[in-house]
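See structure below.
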Amino acid sequence: MKSCKKFLKKYKLPLIISLVFILGITSFFVSQKLLSPSITLLGKKEVTVNLHGHYEEEGVKANCLGKDVGDEVKIEGKVDTEKEGTYTITYRIKENGIEKKVERKVIVKDIEPPTITLEGDKEVTICDLASYQELGYHAMDNADGDITDKVKITKDEEKIVYEVSDNNGNKATETRYFKIEDNEAPVITLNGGEILSIVIGNSYKELGYKASDNCMGDVTNKVKVSGSVDTGKLGTYEITYTVEDLNGHKTTTKRVVNVISREKAGVIYLTFDDGPKEGTTNVILDILKEEGVKATFFVTNSGPDYLIKREADEGHTVALHTASHEYDKVYVSVESYFNDLASVQARVKRLTGKEANIIRFPGGSSNTISRNYCQGIMSQLTKEVLLRGYHYFDWNVSAEDAGGAKTSSSVYKNVTSSLSKSRANVVLLHDIKAQTRDALRDIIQYGKMHGYTFEAITYDTPMVTHKVNN
């Protein structure tokens, strides 16, 4: 007990001094901590940004004595995303004479993979691997630009894999898949065209054909030909060409051969379109009767019935134009054309008691306006009408009465200046035009005076046709 008292007496002052010092130091650090601001990064301490990309500053959270002091934080440093490198962003705040800072490291580098773009479909159907021809591809990188020449290709029985890496090791792949099968039929090409005309008594000679298949190549020797042509008898004949590949795909093509009469040189076939019409067609019929001339009328569903009946009763040929003569209706499809034709055919049969089998296309077979409604329809129709038993006629002399010829004298001049003794003359006129009505008698008298004859077109008349342009 005495030793303890002696110890306290001896060390009392130093202990008090030490205690005061400790309490002072503690108090200092406590006050410093209380007065010191706190600053904390929002987001990651290390951020990677793509080259040429965008750096989004996430900022910090700062607090002092329970108060938000984030708006007092100073941000130092800048990130250039157009240049690879490591950038440091420093955030500083000073409160109560005490400064705190934190740092964020921003790494700018190329982390975006290239892109590979395949031309053509990603799934292709082929006959076999050997037959595949590369459809093409392109590879682009955000940093290196066009790296198509770096693309590596591997191929197996199911697919082609396209792989490319940029200078920073970013990799991209694309895959094109194979479907090995034959889903195409062979193609037959006829030499000399699909429609031929032969004058009766001449011989028919096969002009030849070629056939190819997407998998088998040339298969001309596999084509089977059937059908025959009797050149001693007028009519329309079909030659059928058929070929089949190893997978059962069959193609059939037909050639139409017309055996026709010999052309009558110096004959005039007066043909009238778009009627009948009261006031013109009836007068035209009067003139034809008085002059003893037969003509051909390509009628529509317009005009009075009695004029069509009169045309037939007086020995003229009643032929078919169309019911409506509306291009956007008749040339929309093959079906639309024949539906329209059936309507005017029914009218003619009702009035004349006969099936009409001679036709003229609106605008002629050479018209191009039909392209606006159906590509290639004239090529289809010119074959199909023959297969259905019709003969179609265009013209080689035009009065231009539906266009620029507005007077009877111009109609007369257009017709008479184009006639030829060395051929048959199919003259295009319109019986709905007054100038045509008024020029008709003079045209007939000119023809008679210059040794021409006049006839109506019949089924045996050699067709006069234009070159098909659609």
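Antiparallel as a % of all DSSP beta bridges within the chain, to the nearest 5?
Beta bridges within the chain, antiparallel portion: roughly 60 percent.
Rounded, prolate or oblate: pick one for region 157-298, where a ≥ b ≥ c are the square roots of the eigenvalues of its C-alpha gyration tensor, a/c under 1.5 means rounded, and failing that, prolate if a/b is larger than b/c, else oblate.
Oblate, because a/c is 1.5 or more while a/b does not exceed b/c.
In whole angstrom, how long is each semi-axis of the equivalent ellipsoid of region 260-390, when you take the square root of 5 times every eigenvalue of its Cα gyration tensor and sort them from largest down?
Largest first, region 260-390 gives 26, 17, 14 Å.
In Å, what Kirkwood hydrodynamic radius results for the chain from the alpha-carbon pair distances?
31.9 Å
Taking every alpha carbon pair in region 187-260, what does the distance histogram look like in 5 angstrom bins from 0, in percent?
Spelled out bin by bin, region 187-260 gives 3, 16, 27, 20, 14, 10, 6, 3, 1 percent.
If a helix is a whole DSSP H run, which ones in the chain reach 30 Å or further along their own axis (Cα) and hold a mean Kyte-Doolittle hydropathy of at least 0.5?
Helices meeting the criterion: 2-35.
Provide, in order from the shortest bin, the percent of all Cα-Cα pairs of region 291-337 in each 5 Å bin, continuing until the bin that contains the maximum pair distance.
5, 19, 24, 19, 12, 12, 6, 2, 1
Can you compute the charge dipole magnitude of the chain about its Cα centre, using +1 on each Lys and Arg Cβ and -1 on each Asp and Glu Cβ, nothing else charged? Give it in debye, rounded to the nearest 20.
The dipole of the chain has a size of about 2700 debye.
Which of the trypsin sites (Lys or Arg not before Pro) found in region 401-448 are in a DSSP loop and have at most 14 neighbouring Cβ atoms, other than their own, within 10 Å? It would help to have the intermediate numbers written out before the result.
On the way: sites: Lys406, Lys413, Lys421, Arg423, Lys433, Arg437, Arg441, Lys448; in loops: Lys406, Lys421, Arg423, Lys433.
Hits after loop and neighbour filter: Lys406, Lys421.
For region 315-419, what D do you get in µm² per second when you plug the Kirkwood radius from alpha-carbon pairs into Stokes-Einstein at 20 °C and 1.002 mPa s? It would help to have the intermediate numbers written out before the result.
On the way: Rh = 15.1 Å.
In µm²/s, the coefficient is 142.
For region 47-108, compute the number of Lys pairs whose alpha carbons are separated by less than 28 Å, excluding pairs fewer than 8 positions apart on the same chain.
Total qualifying Lys-Lys pairs in region 47-108 comes to 22.
For region 115-180, restrict the atom set to alpha-carbon positions and state the Rg and Dmax in Å.
12.6, 40
Calculated from DSSP H runs of 4 or more alone, at -39500 (n - 2.57) each and per residue, what is the 222 nm mean residue ellipticity of the chain, nearest 500? The partial results should precede the final answer.
Numbers: 8 runs with 113 residues, N = 470.
Value at 222 nm, helices only: -8000 deg cm²/dmol.
Among all the lysines, which ones have a C-alpha under 25 Å from Lys179's C-alpha, if same-chain residues fewer than 8 places away are not counted?
Straight-line reach from Lys179, under 25 Å: Lys122, Lys152, Lys155, Lys159, Lys250.
Tell me which GluC sites (Glu not before Pro) from region 162-259 have a DSSP coil assignment and no more than 16 other beta carbons within 10 Å of their own.
Glu181, Glu184, Glu194, Glu206
Can you give me the orientation-averaged projected area of the convex hull built on the Cα atoms of region 38-109, in nm²?
4.5 nm²
Can you pull out the GluC sites (Glu not before Pro) in region 301-347 that DSSP calls coil and that have at most 14 other Cβ atoms within 10 Å? Write down the numbers at each step before the final one.
Numbers: sites: Glu311, Glu314, Glu326, Glu335; in loops: Glu314, Glu326.
Passing sites in region 301-347 are Glu314, Glu326.
Over region 254-403, how many pairs of lysines fall under 16 Å by alpha carbon, counting only those 8 or more apart in sequence or from different chains?
Going through region 254-403 pair by pair, I get 7.
Please name which of Ala143, Thr436, Thr125 has its Cα lying farthest along the dipole of the chain towards the positive end, using unit charges on Cβ (Lys, Arg +1; Asp, Glu -1) and the Cα centre as origin.
The residue sitting farthest along the positive end of the dipole is Ala143.
Give the aspartates and glutamates reachable from Lys224 as a straight Cα distance under 17 Å; neighbours fewer than 8 places away on the same chain don't count.
Straight-line reach from Lys224, under 17 Å: Glu194, Glu206, Asp213, Glu238, Glu244, Asp245.
Taken together, the values in this text are just the output of simple stated rules run on the coordinates, not laboratory data. On a predicted model such as this, the values are computed, not experimentally measured, just so you know. Quick reminder, even Gly has a Cβ in these numbers, built from the backbone with ideal geometry, and neighbours come from all protein chains shown.
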